[in-house]
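Everything below concerns the one structure shown next.
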Amino acid sequence: MCGISGVIVKPGKGVSESVLKAMTDIISHRGPDDSGFQFFSSEGKTWPGESSDHWQVGFGHRRLSIIDLSPRGHQPMNYGSDYWIVFNGEVYNYIELRNELIQEGFLFQTQSDTEVVLAAYVAWGQKSFNRLRGMWGFVILDKIKNQVILCRDRLGIKPLYYTEVDACIVVASEIKQFLKIPGFEPRMNSHVIIEWCQTGYENYNQSFFRDVRVVSPGNYLTVNLENGITSESVPYWNPQVTLTTLSRHEAGVAFRSKFEDSVKVHLRSDVPVACALSGGLDSSTVAMVMNTLNPSAFHTFSTVFSGHKLNEQPYINEVLSRINAVPHFNTPSSSDFSRHAKDFIWHNDEPPVAFSPFASFLLAKNVQQEGVKVTLNGQGGDEVLGGYWQNYLAFLRASLKNLNLTEFLKHTAGSLLPNGNPGLISQMFYYASRIRNKRNFQIPWISLSDSYMGSNFLNQYLTLNSNERRLFELRYLILPKLLKYDDRNTMAFSVEGRYPFLDHELIEFCLSLPPDALYNRGWTKQPIRNGFKDLLPPAVARRKSKWGYPVPQVEWIQELKDYFVNWVDNKSRPIWELVPQQYVKDMFHQILTGKKANQEVFVRLHFLDLWLEIFTIKHD
């Protein structure tokens, strides 16, 4: 897990080596263990550092040592003289791929997964990308083909951005690196910002910065070094699945086997691995399986809010009583936010959607303080297994629309029977109201209204079948922003997050499961509940509540009254060029007095304002 930089100088142009070094040093938090630079000319020459002004490609790297801790893991790394790479991520099946490549005659100088990724490219070209199992953003220089390849993992767990200025094409792990590039101006992407403020959704394929492009998940692209032209993005992962006929029991057994295999490979590491334990079904399952596979004690890290109605500590304690763990608890406070807000926004590059990512930010800090570098967590379980209520409700809506009343009543009426989950009914009314409010809600923008044509996310979502909806959640709707927050928050403290639920082999199996294997009488995620019912604490396995890393947001706003009064009364804030100051002041007053108010939008607008200030964002 690392941070990478790449500069591709356009023909006839020149860029100082100091530019690459500055944009690599600004992400030293991603890789405090080592750094490296390499420069290459169009004639094939290679310089290790400050040797020439005639380079065309430059690579920079910051290393967080996880696999092969020796100096041999140093990057940029080469295979022979014609292939070089800077790599951020982990490829968990590197041992199997390495053995296969050795059988084909390849020799290795390290025990790292990075060298395996590059050798696999040498052996199989772009077809190698679909053989990798893990998470990554990497850049490869292929001197034979005179091109540079940019590639990102299937789900975009690891970031990879690029931008183009007059002299060069620049590649980076974090957007803030582009601030070091002469000619780059941080400008807002108005459409993305307005849609995010209105709905909380983000376009996975665009950034908040107008001129910053995102390498799409599951895609690669190439830069031709002869003419400096960047190709169109090429997808290498398009899961095509056929629905199985497994019963709920059979689906649970098969899911357990595949999930245990995923956790097993995610534990591959040359440093100790911990678990981020929230008390939810997904992270609890990760912790229980880790305990089964690893007899020695491991660290767990949890966020709790003692005395608050959303406190998850009782569920966490249920898990801890059954595993061999060294637990750590973190309780974020509103005062923590007022002290660290700007640092939080700086590390995230783009404004987060709510306070909850800030809790993850502080939890990562706690992980670093304990000397831990790697944590497994339960992110992705809801997307993979249809765990969000809106997925279940969209399935029921489709059943009703197709006049399949038997199917509809089996779930709705069944949820009210013994052993059903009546929460389904209350969620039906809650989401109907939420969708209605979102459709009717409109922020009174001052200067950006002409650029917003309305969101099509919801309409797209409702037209999909159950499996398409899960893939849509994985690739577009919810998961991309959660992964982005996780990456920035953990890497801010030099911590690597790993995601066993997001193993592509597990995902492809889960996408083959029909709705009947996922839902039953108001209960979601049946494969995990059935597959691990003998391992999970009953209180967790049959937990009816779902909070999603909650933070007492309204209480925090009220506790930070002075902080927010100073904000809404400050006439010089950049946000007032976009949104009427009085509109936000009225919203704040409603929150303070307990009246109905859109507190999520209030928080988003505050984060947007901090982002505008910190990154000195310009808008047209």
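The values are calculated or read from the model by the stated rules, or taken from the named source; none is laboratory data. The structure presented is a predicted model; accordingly, all values stated were derived computationally and were not measured. Reconstructed Cβ throughout: ideal geometry from the backbone, glycine too, with neighbour counts over all protein chains shown.
For this structure, a couple of remarks:
- Residues of the stretch 539-575 classified as surrounded by 15 or more Cβ atoms within 10 Å (Cβ to Cβ) and of a type in the set (D, E), total: 1
- Only one entry in G183, G156 is at positive phi, surrounded by fewer than 23 Cβ atoms within 10 Å (Cβ to Cβ) and part of a loop (DSSP other than H, G, I, E, B), namely G183.
- Unique residue being under 30 Å from N520 (Cα atoms), outside the structural domain of E174 (by TED's automatic domain parsing) and at pLDDT below 95 when the list is E312, E260, E318: E312
- Among the residues listed as E115, E100, the single one being under 28 Å from Y236 (Cα atoms), surrounded by fewer than 23 Cβ atoms within 10 Å (Cβ to Cβ), among the acidic types (D, E) and at pLDDT 95 or above: E100
- Sole residue being loosely packed, with under 14 Cβ neighbours inside 10 Å and either within 20 Å of I528 (Cβ to Cβ) or touching a Gly at 6+ places or on another chain (Cβ under 7 Å) (or both), chosen from L293, L267: L293
- Of everything listed in (1) buried (at least 20 other Cβ atoms within 10 Å of the Cβ); (2) assigned to a helix (DSSP H, G or I); (3) of a type in the set (F, W, Y), the single unmet condition for W346 is (1).
- The residue list F87, F106 contains one member that is more than 25 Å from T490 (Cα to Cα) and not small (G, A, S), which is F106.
- Residue match in the stretch 126-139 (condition: modelled with pLDDT of 95 or more, in contact with a helix residue (DSSP H, G or I) (Cβ under 8 Å, 6 or more places away or on another chain) and of a type in the set (K, R)): yes
- Condition met for P351 (assigned to a loop (DSSP other than H, G, I, E, B) and not basic (K, R)): yes
- Just one of (1) farther than 20 Å from M290 by Cα; (2) small (G, A, S); (3) without any contact (Cβ under 8 Å) to a residue 12 or more places away in the chain fails for G387. It is (3).
- When the criteria are applied in full, G183 meets the requirement of being without any contact (Cβ under 8 Å) to a residue 24 or more places away in the chain, touching an Asp or Glu at 6+ places or on another chain (Cβ under 6 Å) and not aromatic (F, W, Y).
- Single residue of the stretch 186-217 satisfying the filter (of a type outside the set (S, T, N, Q) and part of a strand (DSSP E or B)) that is surrounded by the fewest Cβ atoms within 10 Å (Cβ to Cβ): R187
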